[in-house]
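To keep things clear, I will list the structure first and then write my remarks on it.
Just so it is clear, none of the values below were taken in a lab; they were calculated from the coordinates. Note that the structure is a prediction, hence the values are computed from the model and not measured. Methodologically, a virtual Cβ is constructed for each residue, glycine included, from the backbone with ideal geometry; neighbour enumeration extends over all protein chains shown.
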């Protein structure tokens, strides 16, 4: 078939030009050759809905249960993850930290820039409250606080790296617990799907990430109650959404990883480097994935957990 010949040609050019290598085993290489191609990869036929076009630098649509990848674009391209990296922070620390423990905030927690929940040096906060701050408001101060509660920044980054490798996310390099742009901090759409698949199965993550609002105590210098609202607007607009994590930074642009269930099928999507229209693209990718269901030939396979 013509698309197979084209895929083989593109793959050969990609391997020869960029020296791409695989981080997976032989069986994974056999299943995922198409994913090494540059640009959009989809086994489109005239009978199926047309895959949406997007300016995102990379994306992936996969069946969360079977691991079959329905469509992709530059899935192994390393890009700044923005706050989707908080999903990896969660994967590394959720089982480690007792939500009922109290944490005394440090000055370095409050000094971080970007989104903040108002953690103030010297005050005590329940770990549970800090998780809400991380996964609703995407608080960067909450990320720093959890890292310090987990044994310090260096230790947490080591554990985040180990957690990524544990789910076979081999091209993710964390340099922070919050995802703010940092030299050398990267992930891929493929890796975000693997990290999301693992962390979305945790009851604690879903409980925090699905909460629409939360009153954060003792916020800021004024020491007031601050109502946090979930940055993941698809919770109220997309039927069957299970969980997700949004992100935006200057270098990373809009990023997203999320999962949804419809008619017995569970899809996971991730995208990176989108200039604008995060919620609209997430909706389009989910809609297309559910529309084609199991009728499309997959372009690859997520490795088994």
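From the P(r) of region 172-291, could you give the percentage of C-alpha pairs in the tail past 23 Å? When all Cα pairs of region 172-291 are counted, 36 percent exceed 23 Å. Taking 0.36 nm per residue of separation and subtracting the current Cα-Cα distance, fully stretching the chain between residue 280 and residue 124 would add 52.3 nm. When the Gaussian network model of the chain links Cα atoms closer than 10 Å, the mean-square fluctuations of 140, 223, 32 top out at 223.
Listed by Cβ neighbour count within 10 Å, with the fewest neighbours leading, 242, 269 appear as 242, 269. Region 234-305 and region 91-170 have Cα centres spaced 25 Å apart. Rounded to the nearest whole angstrom, the semi-axes of the ellipsoid equivalent to region 75-187, taken from the Cα gyration tensor as √(5λ), stand at 23, 15, 11, largest first.
Contact order, relative form, for the chain: 25 percent (alpha carbon pairs under 8 Å, 6 or more residues apart, mean separation divided by residue count).
Counting helices only, and only those DSSP H runs with n ≥ 4, report the 222 nm mean residue ellipticity of the chain as the sum of -39,500 (n - 2.57) divided by its residues, in deg cm²/dmol to the nearest 500.
On the way: 11 runs with 107 residues, N = 305.
The helix contribution divided over the chain gives -10000 deg cm²/dmol.
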